[in-house]
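The values are calculated or read from the model by the stated rules, or taken from the named source; none is laboratory data. Since the model is a prediction, treat every value here as computed from it, not as a measurement. Here the Cβ positions follow ideal geometry from the backbone for every residue, glycine too, while neighbour counts run over all protein chains shown.
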Amino acid sequence: MHNIGNDIVDLNLAKIESNWQRKGFLEKQFTQKEQDEILSSENPFLKVWLFWSMKEAAYKCYTQKFKERFFAPRKFECTAITKDKGMVVFEENTFYTVSIFNAFYISTIAREKKEETIICSAIVLPSTIDLDLKIKLAAETGVSVKDIEKRKTTIGAPLFYYQEELLTTSCSISHHGNYGAYAFNVGSKF
């Protein structure tokens, strides 16, 4: 299994806290191609946050692989393939995304391989992310919830262990406003 990344945007909070129409916002965050697509969209607000979610998920996938953190959203270029599937390109890396959205949130998972299956993902309350993730991980591995330990990598990505055995090959956790989300892959031993 390869690295994964995820992101979630609380759309009601984004309406209040982020003015995507302010001078310079689009130019700072999005490529010209993305800006053109946003501005010609039936719902520019939704397209802004879809692209943002795609970029963030791809960034998390990239940073897990290369162990390097930085801020360069314009360098991650989004392409919508269908309403819910897309691609994000950064340098020589391509990430494939799947997004779910409704009136309340947009959630995106990015992965390195187009056909790769994500073992588990969920939308939860931000306050219950870790416990919910451990419950799902316990169901997948047969390990007791109380024996699962969360540790962070040098770049802050979460990994989950049973004793010294790595349970997740890749894990990504996000929260924004009233929503939390996670995605993980289980190690081949489980």
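Can you spot a residue in region 131-148 that is surrounded by fewer than 19 Cβ atoms within 10 Å (Cβ to Cβ), modelled with pLDDT of 95 or more, closer than 24 Å to F66 by Cβ and not hydrophobic (A, V, I, L, M, F, W, C)? No, the conditions are met nowhere in region 131-148.
Taken as a whole, the structure leaves F104 outside the set of residues that are of a type outside the set (D, E) and modelled with pLDDT under 95.
When N178 is tested against the conditions (1) surrounded by fewer than 18 Cβ atoms within 10 Å (Cβ to Cβ); (2) within 14 Å of the chain's Cα centre (by Cα); (3) not assigned by TED's automatic domain parsing to the domain that holds Y59, the lone failure is (2).
Restricting F95, F104, F90, F71 to those that are touching a strand residue (DSSP E or B) at 6+ places or on another chain (Cβ under 6 Å), assigned by TED's automatic domain parsing to the domain that holds E42 and under 30 Å from S18 (Cα atoms) reduces the list to F95.
Take the residues of region 3-60 that are buried (at least 20 other Cβ atoms within 10 Å of the Cβ) and among the polar types (S, T, N, Q): which is farthest from Y179 (Cα to Cα)? Ranking the candidates gives N3 first. Filtering F66, F95 for residues that are touching a Cys at 6+ places or on another chain (Cβ under 7 Å) and within 24 Å of T169 (Cβ to Cβ) leaves a single hit, F95. With respect to being touching a His at 6+ places or on another chain (Cβ under 6 Å) and under 25 Å from D10 (Cβ atoms), P126 fits the description. The condition of being part of a loop (DSSP other than H, G, I, E, B) and not hydroxyl-bearing (S, T, Y) holds for only one of I155, I173, that being I155. Checking region 129-146 against the condition returns no match, with no residue being assigned to a strand (DSSP E or B) and either under 18 Å from the mean Cα position of the chain (by Cα) or among the acidic types (D, E) (or both). Taking the criterion of being surrounded by 13 or more Cβ atoms within 10 Å (Cβ to Cβ) and polar (S, T, N, Q), the residues of region 149-175 that qualify are T168, T169, S170, S172, S174. Summed over region 61-79, the residues that are crowded, with 17+ Cβ neighbours inside 10 Å and acidic (D, E) give a count of 1. Taken over region 1-36, the criterion of being outside any loop (DSSP other than H, G, I, E, B), out of contact with any Ser or Thr (no Cβ under 9 Å at 6 or more places or on another chain) and more than 18 Å from I106 (Cα to Cα) is satisfied by L26, E27, K28, Q32, Q35, D36.
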